[in-house]
Amino acid sequence: MPPPGALLDWRDPEHFDHRRTKPCALCGGPTPLRSHAGEAAHKVCAEAWITKNPVEARLGRFASDSQPKSSKDPVGDHA
């Protein structure tokens, strides 16, 4: 889980539903994006929710993808 104000890393293709859009659980607008739990949500809406709900965010409703650190880059990819 990123800290409040940080960006989520949703690079894994499983976050994108190529078949259909669903209403975002947070704003109601259509989105093909899915959280780790399969909940339809815009990434920007999830990031805003984490910032507004830091205590609840600790429960992991929205999380970043796990990124293994490269042995060539000890700091990690900050893209």
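The values are calculated or read from the model by the stated rules, or taken from the named source; none is laboratory data. Remember, predicted model here, so these are calculated numbers, not experimental data. Cβ coordinates were reconstructed from backbone atoms using ideal geometry, including for glycine residues, and neighbour counts include every protein chain displayed.
Regarding residue 44, is this residue at pLDDT 95 or above and either touching a Lys or Arg at 6+ places or on another chain (Cβ under 6 Å) or assigned to a helix (DSSP H, G or I) (or both)? Against the criterion (at pLDDT 95 or above and either touching a Lys or Arg at 6+ places or on another chain (Cβ under 6 Å) or assigned to a helix (DSSP H, G or I) (or both)), residue 44 qualifies.
Can you tell me which residue in segment 47-72 is modelled with the lowest pLDDT, limited to those that are surrounded by 14 or more Cβ atoms within 10 Å (Cβ to Cβ), farther than 15 Å from residue 11 by Cα and among the hydrophobic types (A, V, I, L, M, F, W, C)? So, considering only residues that are surrounded by 14 or more Cβ atoms within 10 Å (Cβ to Cβ), farther than 15 Å from residue 11 by Cα and among the hydrophobic types (A, V, I, L, M, F, W, C), the one modelled with the lowest pLDDT is 57. Here residue 75 clears all of (1) at pLDDT 65 or above; (2) more than 24 Å from residue 16 (Cα to Cα) except the condition numbered (1). Restricting 33, 7, 26 to those that are exposed (fewer than 15 other Cβ atoms within 10 Å of the Cβ), hydrophobic (A, V, I, L, M, F, W, C) and either in contact (Cβ under 8 Å) with a residue 12 or more places away in the chain or in contact with a Ser or Thr (Cβ under 7 Å, 6 or more places away or on another chain) (or both) reduces the list to 7.
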